[in-house]
Every structure is written in structure tokens, then in C-alpha cells.
Amino acid sequence: MRSRQRMFAAVMRLLLKCLRLGRRRRFKLLRQVEQLWHYGHLCLRSLLYNSFTNGDVVLDSLFEPVYWLVDHVTRWFGVVFVALVIGLTSSIVAIVYICLLPLILQTYTPAWICWHLAYGHWNLIMIVFHYYMAITTSPGHPPQAKNDLTGVSICRKCIAPKPARTHHCSICNRCVLKMDHHCPWLNNCVGHYNHRYFFSFCLFMTMGCIYCSISGWEMFRDAYTAIERMKLLEKERLQVAANQTYYQTPPPTFSFRQRAFHKSVVYLWVLCSSVALALGALTLWHAALITRGETSIERHINRKERQRLQKKGKVSIAHGTGAGWGRARPDVPLPVPQVFRNPYSYGSWDNWKVFLGVDVPRHWLTRVLLPSPHLPHGTGLSWDLPPCVTEQRAPLLAI
């Protein structure tokens with residue numbers, strides 16, 4: 001009996017020791033996992049810590065995969081977009097020559113025939129020339145030899161000096177002089193050397209679409225009415241064919257040529273009107289930027305800078321007036337308000353002359369109304385006063 005009790009006690013002691021040992025090992029394992037977790041968290045914070053981190057930085061980091069996808073899709077689909085522009089424009093030109101031009105020559109007066117032939121071919125030449133030049137002309141890049149390059153900042157992507165008004169294009173993966181934006185319809189960046197070609201293409205394409213929409217309005221109405229009549233007669237013909245007797249004659253059908261003609265006119269008018277609205281809005285937007293002497297990127301930068309300086313009270317909210325500054329005593333004159341002004345703006349009229357390269361009055365004909373491959377003012381590396389500017393307006397406060 002005693003031997004059994006001793007054996008039972010020994011077994012119980014051994015079991016308790018095993019339980020205590022397993023408990024110690026379990027707590028030790030938990031402590032090791034906790035230490036590894038704290039160490040990993042510390043390493044991650046040390047790698048990602050930045051005193052300038054805020055909500056915008058976190059949001060940009062989260063959207064970085066989306067930006068990468070858009071950049072690569074735009075880069076690979078640029079050729080497709082260019083082919084689409086050429087294909088749609090060629091289809092409109094083919095419809096005009098095959099369908100509309102014979103009708104114009106048969107029905108219009110000689111004066112209107114001369115007008116349509118002269119204006120239509122001039123507009124077409126301007127569109128083709130400026131689109132070709134916008135595609136094939138390099139926007140301009142900083143030189144590879146960085147020793148003699150004067151930069152106002154360092155590009156974070158290229159790790160190289162970046163001249164004024166130069167920005168990095170994530171699609172081209174290069175810095176672009178006076179970059180405005182990357183245009184997928186050109187498969188090229190819009191920069192210092194092809195900005196005029198891009199705007200001229202948008203302007204003349206808009207003018208051509210408006211011209212086609214206005215000139216073809218009556219033809220569009222007739223063609224649309226004819227197509228509706230075709231549908232109605234086709235429906236009647238099917239009904240007659242279903243209940244046809246020897247004494248009934250089916251309605252006449254339209255030929256393939258008539259159907260193609262009317263549908264082509266409708267296609268031309270709808271496409272030209274849609275492009276005129278969309279591209280016209282874009283052209284007006286860029287015209288406003290050119291009037292202010294800015295690019296699309298600079299407008300965003302200048303707006304942010306203006307808001308920042310207004311919060312600090314360094315510029316007046318009401319430009320050119322003393323509003324917002326206040327007057328403590330009636331006999332104390334108002335301080336002269338600081339006005340934020342773009343340093344690359346020379347006034348509305350001079351901005352257009354600089355952009356179009358108009359130095360003398362005859363250039364309005366030879367360089368604006370006729371195809372001209374002349375280079376813009378400056379090299380894009382420095383921005384000296386162009387010779388066509390009448391007076392220099394020194395900004396009181398600018399970036």
C-alpha cells in the first residue's frame with residue numbers, strides 16, 4: 001500500500017515538474033515573440049520616419065501604384081492615341097472630299113466655292129503641319145554636361161541640377177524644359193520647343209471642327225431626316241413582306257450608296273461638334289495660361305505660393321488696392337501693398353508675342369497665319385528679356 005502511495009506521489013511530482021517546465025518554455029517563447037515584434041516595429045519606424053510626413057505624403061504614397069500604372073499605360077498607348085487622331089482626322093477629310101465636295105461644286109455659287117476651297121485647305125495644312133511638328137519636335141531637355149548648367153534646384157529623380165521652369169516627366173523619365181504637361185495624343189511632352197506647335201494644333205483643329213459643324217448643319221439635318229425615313233420604310237417593307245399578296249408592291253428601298261452618304265454626313269457632324277466642344281475648352285484654358293505667362297504646372301505652383309503668402313500677410317488679397325491692410329489713423333498713409341506676380345509674365349499682349357515669336361509686324365502673317373518652323377525665344381535654360389517686349393515689369397513679390 002505504501003509502495004503504491006509513493007509511486008503515485010512520484011508520478012504526481014514528475015507531472016507537476018513537466019507542467020511547470022512547459023509553462024516556463026511557453027512564457028519564454030511569448031517573450032521572444034514580443035521582443036521580435038518590438039524590434040521589427042522599431043526597424044520599420046527607423047526606415048520610414050520623416051519629420052515632414054503629413055497626410056498628403058501618406059496619400060501620395062498610397063496612390064503611387066496608381067501613378068505608376070497610369071505612367072506606363074500612357075507610355076505604351078501613346079502610339080495608339082496618335083494613330084487614333086490620324087485615323088479620325090483622315091476619315092473626316094475623306095468624307096469631305098468624297099461626299100461633300102462634289103455636292104458643294106454642284107450647288108454652291110462660285111464665290112462660296114472659292115471660300116470653302118481656300119479656307120478648308122488652309123486650315124487642313126495648318127492642322128497637319130503643327131501636329132507633325134508637335135509630335136516630332138523634342139520639347140527640350142537640360143544638357144548632359146552639368147558643369148556649366150545653372151540650376152535653381154536639384155531634380156529628385158535625375159539627381160542633377162534643374163534650370164528654372166524645368167520639371168521632371170515621369171512618363172518620359174527625363175527633365176523637360178518649360179514643361180507644360182505630357183500629352184498622350186502627341187505621345188510627347190509639351191515643353192519649350194514644341195509648346196507653340198501644340199497650341200496651334202489645338203487652335204486650328206478647333207477652328208476646323210467648328211467650320212465643319214457650321215457648314216454641314218443643313219446637310220446633317222437632311223441626312224438625319226433621311227436616315228429616320230429609311231428606318232420607317234424598312235419597317236413598313238418588313239410588314240408588307242410578312243403580309244404580301246399578289247396585288248401589293250413593297251415600298252422602295254434605299255441603295256447602299258445613299259445609306260453610306262447620309263450616315264457619313266451624320267458621323268462627320270457629330271464627331272466634329274464633339275471635338276469642337278472638348279478641344280475648344282482645352283484651347284481656351286491654354287490661351288488663358290499663355291495670357292498670364294504660365295504653364296499648367298506653374299499655375300498650380302503659383303496658386304499654392306500665393307495662398308501661402310496671403311496666409312502670412314505678405315501679399316494683399318485685393319491686388320492693386322489697399323483693401324485688407326487697414327488704416328490705424330486717418331492721417332497715416334496706407335502702406336504700398338505687395339502684389340504677387342509671375343516673374344515670367346510681361347503683360348498679356350507681350351506674353352502672346354513672346355509665345356508666338358512675333359518680333360516685327362510681318363511675323364503675324366509669316367509666323368502665325370502661315371506654317372513656320374521658327375524657334376522660340378531663349379534656350380529654356382535662362383530667361384532673359386525677349387527683344388519683342390516693350391517694357392519690363394519688375395514684380396514686387398514673385399517666385
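Beta carbons closer than 7 Å, at least 6 apart along the sequence or on distinct chains, pair a first residue in the range 127-143 that is farther than 10 Å from LEU177 by Cβ and among the aliphatic types (A, V, I, L, M) with a second that is part of a loop (DSSP other than H, G, I, E, B) and open to solvent by 50 Å² or more (accessible area, probe 1.4 Å) for MET133/PRO373; ILE135/ASN187. Just a yes or no: is a residue in the range 313-332 part of a loop (DSSP other than H, G, I, E, B) and modelled with pLDDT of 85 or more? Scanning the range 313-332, I find no residue that is part of a loop (DSSP other than H, G, I, E, B) and modelled with pLDDT of 85 or more, so the answer is no.
Among the conditions (1) at pLDDT 95 or above; (2) among the aromatic types (Phe, Trp, Tyr); (3) within 26 Å of the chain's Cα centre (by Cα), the only one that TRP76 does not satisfy is (1). Taken over the range 250-259, residues that are assigned to a helix (DSSP H, G or I) and open to solvent by less than 40 Å² (accessible area, probe 1.4 Å) amount to 0. Looking only at the range 280-312, residues that are modelled with pLDDT of 95 or more and open to solvent by 80 Å² or more (accessible area, probe 1.4 Å) come to 2 in all.
The values are calculated or read from the model by the stated rules, or taken from the named source; none is laboratory data. A quick note: this is a predicted structure, and the numbers were derived from the prediction, not measured. Reconstructed Cβ throughout: ideal geometry from the backbone, glycine too, with neighbour counts over all protein chains shown. Quick note on the areas: whole protein, heavy atoms, side chains included, nothing else; ligands and nucleic acids left out. Shrake-Rupley method; radii C 1.70, N 1.55, O 1.52, S 1.80 Å.
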